[in-house]
Amino acid sequence: MTKPQIILLGAPGSGKGTQAAKIVELGYNHVSTGDLLRAEIKKASALGKKIQDLIGNGQLVDDQTVLDLLQANINLAKGEYIFDGFPRTEVQATMLDKQIIKKAKAVAIYLDVSLDELVSRIVNRRTCGGCNEIYNLINKPPKKEGVCDLCGKGLVHRKDDNKETVQNRMDVFKEQIDPILAYYEAKGMLKKVDASINPGTTFKQIRKIVES
């Protein structure tokens with residue numbers, strides 16, 4: 001049975017990174033547009049130099065450039081992919097469909113978490129300054145306060161992980177995500193999973209979708 005290509009959608013704090021890592025265990029390739037942009041710049045290719053110039057001039061990388069980058073790095077005929085970080089707009093969703101997904105089997109999975117839960121997760125988030133391991137004071141606290149379990153370095157609380165800033169980020173996210181969800185729902189591609197529970201149970205829902 002052919003597994004579907006996965007467009008993974010979710011707000012900051014919804015657990016996208018955790019779920020993407022678990023989906024990879026099912027044989028998927030994880031495609032993060034942010035990682036691809038950085039890698040292309042590092043390669044110093046013609047496309048990488050174009051991206052570097054855009055970023056250096058304080059401009060956003062245009063949609064078509066991101067699509068070109070995706071096309072250069074994936075082959076749907078040879079494997080299954082998780083699209084993470086793209087699309088961010090309905091226009092991007094349409095472009096992804098027409099230029100890359102085309103007639104391939106695909107599903108858009110949305111990690112559904114309430115606003116209150118997302119705010120709580122992010123406000124209580126702590127990141128290791130050494131290995132970047134992520135903790136949460138409520139549901140994944142370190143064994144020793146302020147110290148990473150893995151490498152022993154200190155944990156950092158990002159300045160923008162405060163309630164007011166997080167609320168603003170969520171407002172912006174909602175404006176962006178609603179048209180995307182409506183787009184995929186209209187195409188019969190949207191599957192929502194409850195991501196307010198523990199990551200293992202959330203993944204069971206995703207696995208059921210992928211293998212059905």
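One line per residue, one yes/no per condition, for (1) surrounded by fewer than 12 Cβ atoms within 10 Å (Cβ to Cβ); (2) at pLDDT 90 or above:
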{"residue": "Met1", "(1), (2)": "yes, no"}
{"residue": "Gly10", "(1), (2)": "no, yes"}
{"residue": "Lys16", "(1), (2)": "no, yes"}
{"residue": "Ala20", "(1), (2)": "no, yes"}
{"residue": "Tyr28", "(1), (2)": "no, yes"}
{"residue": "Arg38", "(1), (2)": "no, no"}
{"residue": "Lys43", "(1), (2)": "yes, yes"}
{"residue": "Asn75", "(1), (2)": "yes, no"}
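So that you can scan it fast, the table gives a plain yes or no per residue for (1) of a type outside the set (Gly, Ala, Ser); (2) touching a helix residue (DSSP H, G or I) at 6+ places or on another chain (Cβ under 7 Å); (3) assigned to a helix (DSSP H, G or I):
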{"position": "Ile51", "(1), (2), (3)": "yes, yes, yes"}
{"position": "Gln59", "(1), (2), (3)": "yes, no, no"}
{"position": "Leu69", "(1), (2), (3)": "yes, yes, yes"}
{"position": "Asn75", "(1), (2), (3)": "yes, no, no"}
{"position": "Phe86", "(1), (2), (3)": "yes, yes, no"}
{"position": "Gln92", "(1), (2), (3)": "yes, yes, yes"}
{"position": "Met95", "(1), (2), (3)": "yes, yes, yes"}
{"position": "Gln99", "(1), (2), (3)": "yes, yes, yes"}
{"position": "Ala108", "(1), (2), (3)": "no, yes, no"}
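Could you say whether any residue in the stretch 112-125 is touching a Gly at 6+ places or on another chain (Cβ under 6 Å), at negative phi, of a type in the set (Val, Ile, Thr) and surrounded by 13 or more Cβ atoms within 10 Å (Cβ to Cβ)? Yes: one or more hits. Restricting attention to the stretch 77-91, the residues that are crowded, with 19+ Cβ neighbours inside 10 Å, of a type outside the set (Phe, Trp, Tyr) and under 19 Å from Ile177 (Cα atoms) total 3. Do the conditions hold for Leu118, that is, is it without any contact (Cβ under 8 Å) to a residue 60 or more places away in the chain, outside any loop (DSSP other than H, G, I, E, B) and either in contact with a Lys or Arg (Cβ under 6 Å, 6 or more places away or on another chain) or over 14 Å from Gln5 (Cα atoms) (or both)? Judged against the criteria, Leu118 is not a match. Residue-level check: of (1) under 17 Å from the mean Cα position of the chain (by Cα); (2) under 28 Å from Leu69 (Cα atoms); (3) among the polar types (S, T, N, Q), Thr202 misses just (2).
The values are calculated or read from the model by the stated rules, or taken from the named source; none is laboratory data. Values in this document were obtained by computation on a predicted structure and should not be read as measured data. With ideal geometry, Cβ positions are generated from the backbone for all residues, glycine too; neighbour counts draw on all protein chains shown.
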